[in-house]
Amino acid sequence: MSLRSVLRAQTADCHAEVDKLFGTFDLSDRQQYGTFLCAHARVVPAAENALEEAGIDRLLPDWPERRRTQMLLADIHELGDPLPPSLPPPALHGEAALWGALYVFEGSKLGGALLAKAVPDYLPSSYLTPQGPKTAMKIFMDRLDASNLDDFDAAIAAARDVFGLFLQAGQLELEAVP
């Protein structure tokens, strides 16, 4: 069984929880959209930095083009919203953990592309808008499948941790809404 298949099966419950929570945001509403972006800002910058510190560029040489922190921060700035405090980044020790975390981040781009359709044209949406070459996801999946890891547990744990961070961030932001 491929790492992709294992990650999909072993994180399906987390993925469903995150989708359900973030599906409650009305992205056509300026305030809710800003809250949605702030929830992501609690996770994405610190996690992307953690991926870099752990050596993600060894696994994906095109990593710099895959980063979304700058687009996220630009959208929040354009809305005039303050940045929320970050959650602690995931612990990423070893190649398996990098693949697991990256599986969540790259997959979120697919979800973001679907969500972007709900964002009105007058709101900034560079974070959710697909970036890079159309083959970027295929390149990622091919590399994930070719990773030949024997430590699926570490990859699963890292992916579940990242899903958990997004869930925590979304809940924190929703609790702060009056």
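The values are calculated or read from the model by the stated rules, or taken from the named source; none is laboratory data. Just so you know, these numbers come straight off a predicted model, no measurement behind them. As a convention, Cβ positions derive from the backbone with ideal geometry for all residues, glycine included, and neighbour counts pool all protein chains shown. Ligands, DNA and RNA are stripped out before the accessible areas are found, and what is left, the full protein with its side chains, is counted by its heavy atoms. Shrake-Rupley method; radii C 1.70, N 1.55, O 1.52, S 1.80 Å.
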statement: Summing -39500 (n - 2.57) over every DSSP H run of at least 4 in the chain, dividing by its residue total and rounding to the nearest 500, the 222 nm mean residue ellipticity is -20500 deg cm²/dmol
message: As an exercise, use a Förster radius of 22 Å and the Cβ-Cβ distance of ARG8 and ALA91 to find the FRET efficiency, rounded to the nearest 0.05.
response: 0.50
query: Given the Cα-Cα distance of ARG58 and LEU123 and 0.36 nm per residue of separation, how much length would full extension add, in nm?
result: 19.8 nm
- request: Please work out how much length the chain gains when fully extended from LEU83 to ILE139, using 0.36 nm per residue of separation minus the C-alpha to C-alpha distance, in nm with one decimal.
  value: 16.9 nm
- request: Rank by packing, highest mean first: peptides 168-174, 4-10, 152-158, with packing defined as the count of other Cβ atoms within 10 Å averaged across residues.
  value: 152-158, 168-174, 4-10
statement: Counting only protein heavy atoms with a 1.4 Å probe and every protein chain in place, the carbon and sulfur fraction of the accessible surface of the chain in whole percent equals 55
- line: Taking every other residue with Cβ under 15 Å from the Cβ of ALA118 and scoring Lys and Arg +1, Asp and Glu -1, one gets -3
query: Could you state the principal axis extents of the C-alpha atoms in the stretch 32-156, from the largest down, to the nearest angstrom?
result: 46, 31, 21
statement: For the stretch 1-106, dividing by residue count, accessible area per residue (probe 1.4 Å) in Å² works out to 46
